[in-house]
Structures are given as structure tokens and as C-alpha cells.
Amino acid sequence: MRVIRTGAAVTAALTLAVTAAACSSSGGSGSGGSGTQAAGTPQKGGTVTMQWVGGYPNFIFPLMPATNTDGYNGNLQTPMWPDLVYAGDKGQSTVNPDESLYSNMSWTNGDQTVTITLKPWKWSDGTPITSRDFTFSYNMIKSMGQNWSGYLPGLFPDDVKSVQTPDAQTIVINLTRSYNPTFYTDNVLYAIPLLPQHAWDKESTAGAVGNYDQTTAGAKAVVSFLQKQGSQISTFTTNPLWKVVDGPWKLGEFTSGGTYAFVPNKNYSGTVKPHIAEMIDEAYTTSDAAWNALRAGDVTIGGIPGNDISQISYLKSQGYTIQDMTTPAVAGIYPNWYAPNGIGALLQQLYVRQAMEDLINRPQIVQQIYHGYADPGNGPVSLNYKTLTTPLEKSGGPYPYSPSKAVAVLKANGWQVNPGGVSTCKNPGSGSGQCGAGIAAGAKLAFTMEYSAGDPDTDQMEAAIQTWEEQAGIKFTLKSEPFNTLVGTIGLCNAQSHPASTCAWQLVDFGYEPYGLYPAGAGIFDSDSSGNQGGYTSPQMDSLIHQTEYTDSPSAFSQYEDYAAQQLPQLYLPDPDELFAYKSSLAGVQPSNPFSADNDPENWYFTKG
């Protein structure tokens, strides 16, 4: 599977848990296709079991620190504490009005002030949801600063001049400048949950609830307490804090092995209330184990690995319906600009990244590994965003597979190219035709590339990349690790902070970064953001990203997109669709919502007859 690494702009993973990857796609061309949606009399109750492979949640408090941003946690949190803006309506990249927490949002003052009217909803304990819950979230986020996983430099909360709450249902946010309302709604407010001030505004387990968040010191103390509580896996289901929710689901079970279960929040205020009685997210350590459980009929929903697509007809004969779901995202390999021992200096060179990308045969990955069910990975924006992808990306991107170009660009920059071996720098220096600043004579193009273990498709892709890179004497030493180990040991590295203990890594493939409704680069490619794992820095990139935030001009977005495609802040890779099977007696699954954690299971119900 391609596992999920959420960036700063998105706090929830966007996938069903599966053995096939959840990702963006240009539309699958492989065999199978969608089956017929369940028909018959809707039934109340029943249990849905879904598969997860490669990792599991380890943090339940929704305001995660920047060091703990993987999407498995988002999939645990979002069904219980949805964000202010609920993304994805009937599978489309639009806001879902039924499950969003506001009834009205208006922009005034030259798009510098946004006024939000909350719905008259309640928390699961019967307490009304109010504007005070927003200021509680805001005060804690502000106190966290760059340590908030959703932090975007210069954006929320840095850009907030003031927050006013004229009444219990109204929030007025005055910003420091004008913004593109589409961007700000879809990618900033989209990532902000409302949290229960009446239950969580406390500094200790035995302490009383107060208004501690209204001072910086108090807010920091509350965050510290809640984050400590939120990391104690053994108390996820028993801690009274986590029983106060506003989403359609509550946590009913959580095991040490990572399997957990949701049960309906019987006091959910939304109009779309859960039909099923329980939704189990079952963790598997390998894709093979998950696939065997699916074939045996032991799960309601499960992923179909690429090398088992030929068995789709068998699954249909066993009562499964097949769904091909695309997920808006960008997949790739992060280069660490601050890797020690001269590796960072190599990876900072665009021509080195270009040579690496020239050697990745993306069309072959799409066809032979993912059987046509994948976005080609031509740049930063999935081809699914039809009105936003530029001609450059649609034509294959700036770096189509070309070993000859990779060899040529290395030779033009002072390298002795040794196909099948390891290329070395023979002309050091920072001038024309030389290897570049910080690169010594004899430096080698040899790198360690880490990725998440557990899925044969990913193993096959990484092995193919390793072989292709050898054509220009670029050596990749592969190292696979469990996902939770990977995200726990590979730190965020940038000019301000790159400690040897967590920034010794060189290249890493986490899987994909999911987008919000608007696929801008904020939080992924801008300098020093928490989603920019390897510390890529470009003032021009920052400026172009800002233009997509400030204006809705199509040309501004196109300029950003093409520059990001050419600059290679990460090595772009194909991102496979999520191809999954579900029991044909389960209705409401289609159209799937790729923007929602767990795919809106409140819409699901079993049928009879």
C-alpha cells in the first residue's frame, strides 16, 4: 500500500484503510470496474469491518504536535471531532453542507473578514456547541505555534488580527490581509476542529474546568495536559475526555494491536446519522494477511492489491462489489536538504533531482504495478483536478522517463557517470559545468532510501526505481520499516532545525500527501512548513504559493503548478487508486468521498432482500 503522511494543510487522512493505496488517479483502465450498488430494504444495525495495513493510530487528541502528523491518527480523530468545514459532498470536491458545523459563511471587508454562523448543534453530553468552542481551539492552536501539525507559516493563526464572538453562534475572524476565499475555506478553515471547552479546558485530571486557555500560559498548560492524555493508548476508550464528541461516531474499542471500533454517537446533531451499529477498523501487519481475510469473506470492506486484480471476478462471485476510488493527493520521495556527510548538498542541486526523476519510469509503474489504476504523478497536482492541471502536466510533466537525459545532465555538471556502478564528481566547484556548492571531488551519487514496509506493490515499485537509477550510476540502498517506526524516527528537517538524531535520513517515501478541496502547495512545498519534510526552500516557490492563497486567478495557480513540477521539491511518483471490495449487501458506499476519514460510514447501511 502507499501509506498516508498528512501535511500541515490537512489534518485527516483521506482514505479507506486498505491493502491497495488510497490515492489520486486519472481513472483506472484495469479490469473489474464498479459493481451494482446494494438494493433492497434498508436495515438498522450490523457491523462493518474494514482493513488497515502498515500502521495504526497512536494519538487521539485532535491538535497533534508537528512531530506526530501521520494520517492514521486523523482517521481516528475526525469521525469524532470533525473540522469546521466538512469536505466532500457526494464524492465531489465541494463542501458538504450537511456535516459542516456552520450554517453560513460570508466574506466582507475586501475578503479580509469572514463571519461564520454555527449550527445549533450539541456535544454528545448535551452541551450546546458555541463560538466559545472555536475560541478555545483558536487559543490552544495559537499557543502551540509551529508545534501544531496544521501550522502553515504566515497563515492561521499568524494571520489572525482578532476573533470576535458577538453571540453564542457567531464567529468573526478579522485577518491581516485579503485572501482567496476558496483557498481559505477549503484549505485553512477545513483543518480546524471545534473542541469542547466545557469539558477539556483543564490543566490536570483532577483539576476543575476553567478558562485557562484565555492566557498564553494557561493555554500551553491545557495543551500539554491534553497531549499527554492523548498519547496514552491504553486509556483511549476509558478517559472521560474522549467521550465528549460532536461527530457521528464515538470510540467503542481500541486494542494494543491497533484494531479499533467506532459506535454511533446517539446524540449526534447532524442530519446524516449512522445506520450501522459498529464499524471496526482492523489492523493487519501485511497485505497478504489482509488479502487472505478479504478472500475468505472475513471483512466487509478490503483493499485489492495490484497483483491480485485478476481475482476481481472471484470476489464478485463471493458477493462483493468493486469500487475504484481516486484520492486527491501528491505522491513522491522527499529529499533531505540537510542530510549530513555532504548528502544534503547533493540533493539541493536541481540537476541531481532532475536526473533522478528522469530515471523513474512512471508510465511503467502505472501499467505494470498498478494495472492502470493510478495517477501518473506528472507533477504536484493530480490529473483528477481537470480544470486546474496545466498542459505541462497533462503532457507528461517536465521530466518524462529518459535515461539518456539523466546521463547528459550529470555529465554537463561535472560528473563521471558510471552506469551500473556509482557516479562520482570529477569537477568540483560552483561554476558552470561543475558539481555545485558543497560537493567535493570524488563525491558519490549513493543514497539510502527509506519507505514503509508491508506491501508487495510498494516493494516492487521501490525495487524498480532502484534498478532504473543504476542506469546513470545513482545508487539507491533500500530500507523498509513499519510505518509507525518510519514516522517516529524521521524528523522534520529545515534550516532552523536539523538535529543529527532525527535528520540523518536521506530519501524517504511516506506514500502521499492528501490535499484539501483546493490543491495548493501551502503546507507541503513552502519553506519551513511542517509538511515540507526535507526542508526544500525557494523564495520564488513561496511567492507563487502565496499568490494562490491571495487570488483566485487561474494563471496564478498555473504558474505555481508548473514551477513546482519543474523544481522537484520531491521526486514525483504515481499514486495508485484505492481499489476496494465491499459486501454487496452494504449500501451507501458509492459515491465514495475521498476527502473524508473512513469514507463517511454514517451513510452506510445493510439491505435485505
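The values are calculated or read from the model by the stated rules, or taken from the named source; none is laboratory data. Remember, it's a predicted structure, so these values are computed and weren't measured experimentally. We place every Cβ from the backbone using ideal geometry, glycine too, and count neighbours over all the protein chains shown. Calculation scope for accessible area: heavy atoms of the full protein, side chains included, ligands and nucleic acids excluded. Shrake-Rupley method; radii C 1.70, N 1.55, O 1.52, S 1.80 Å.
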query = Got at least one residue in the stretch 151-161 being free of Cβ contacts under 8 Å to residues at least 60 places away in the same chain, part of a strand (DSSP E or B) and over 22 Å from residue 209 (Cβ atoms)?
reply = yes
inquiry  = Quick check on my filter: what residues within the stretch 329-361 are open to solvent by less than 10 Å² (accessible area, probe 1.4 Å), under 19 Å from residue 393 (Cβ atoms) and touching a Phe, Trp or Tyr at 6+ places or on another chain (Cβ under 8 Å)?
reply    = 329, 330, 331, 332, 357, 358, 360
task = State all residues of the stretch 316-347 that are without any contact (Cβ under 8 Å) to a residue 12 or more places away in the chain and not small (Gly, Ala, Ser); if no residue qualifies, say none.
result = 341
request  = Report the residue count in the stretch 110-147 for those that are open to solvent by 10 Å² or more (accessible area, probe 1.4 Å) and either closer than 24 Å to residue 218 by Cα or modelled with pLDDT under 95 (or both).
outcome  = 13
inquiry  = What's the number of the only condition in (1) in contact (Cβ under 8 Å) with a residue 12 or more places away in the chain; (2) over 29 Å from residue 532 (Cβ atoms); (3) not in a loop (DSSP other than H, G, I, E, B) that residue 187 fails to meet?
reply    = (2)
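Please enumerate the residues belonging to the stretch 197-219 that are over 18 Å from residue 163 (Cβ atoms) and in contact (Cβ under 8 Å) with a residue 60 or more places away in the chain. I'd like the intermediate steps shown before the answer.
Of the residues in the stretch 197-219, the ones over 18 Å from residue 163 (Cβ atoms) are 198-200, 202-210, 217.
Answer for the stretch 197-219, where residues must be over 18 Å from residue 163 (Cβ atoms) and in contact (Cβ under 8 Å) with a residue 60 or more places away in the chain: 198, 199, 200.
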Complete set of residues in the stretch 413-434 that are closer than 16 Å to residue 354 by Cα, of a type outside the set (A, V, I, L, M) and in contact (Cβ under 8 Å) with a residue 24 or more places away in the chain = 413, 415, 423
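Can you find a residue in the stretch 308-329 that is of a type in the set (Val, Ile, Thr), in a loop (DSSP other than H, G, I, E, B) and within 21 Å of residue 579 (Cβ to Cβ)? Walk me through how you get there before you give the answer.
Applying the first criterion (of a type in the set (Val, Ile, Thr)) to the stretch 308-329 yields 309, 312, 321-322, 326-327.
If we keep only those that are in a loop (DSSP other than H, G, I, E, B) as well, we get 327.
Within this subset, residues satisfying the condition of being within 21 Å of residue 579 (Cβ to Cβ) are 327.
Yes, that holds for at least one residue.
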inquiry  = Which of the numbered conditions does residue 258 fail, given that it passes all the others? Conditions: (1) among the small types (Gly, Ala, Ser); (2) more than 28 Å from residue 43 (Cβ to Cβ); (3) touching a Ser or Thr at 6+ places or on another chain (Cβ under 7 Å).
reply    = (3)
task = Scan the stretch 444-468 for residues that are of a type in the set (Phe, Trp, Tyr) and out of contact with any Asp or Glu (no Cβ under 7 Å at 6 or more places or on another chain) and report the count.
result = 2
inquiry  = For the stretch 173-205: of the residues being open to solvent by less than 20 Å² (accessible area, probe 1.4 Å) and β-branched (Val, Ile, Thr), which is nearest to residue 235 (Cα to Cα)?
reply    = 192
request  = Would you check if there is a residue in the stretch 55-74 being assigned to a helix (DSSP H, G or I) and touching a Ser or Thr at 6+ places or on another chain (Cβ under 7 Å)?
outcome  = yes
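When you scan the stretch 210-219, do you find a residue that is of a type in the set (A, V, I, L, M) and touching a strand residue (DSSP E or B) at 6+ places or on another chain (Cβ under 6 Å), even just one?
Within the stretch 210-219 (the criterion being of a type in the set (A, V, I, L, M) and touching a strand residue (DSSP E or B) at 6+ places or on another chain (Cβ under 6 Å)), the answer is no, since none of the residues qualifies.
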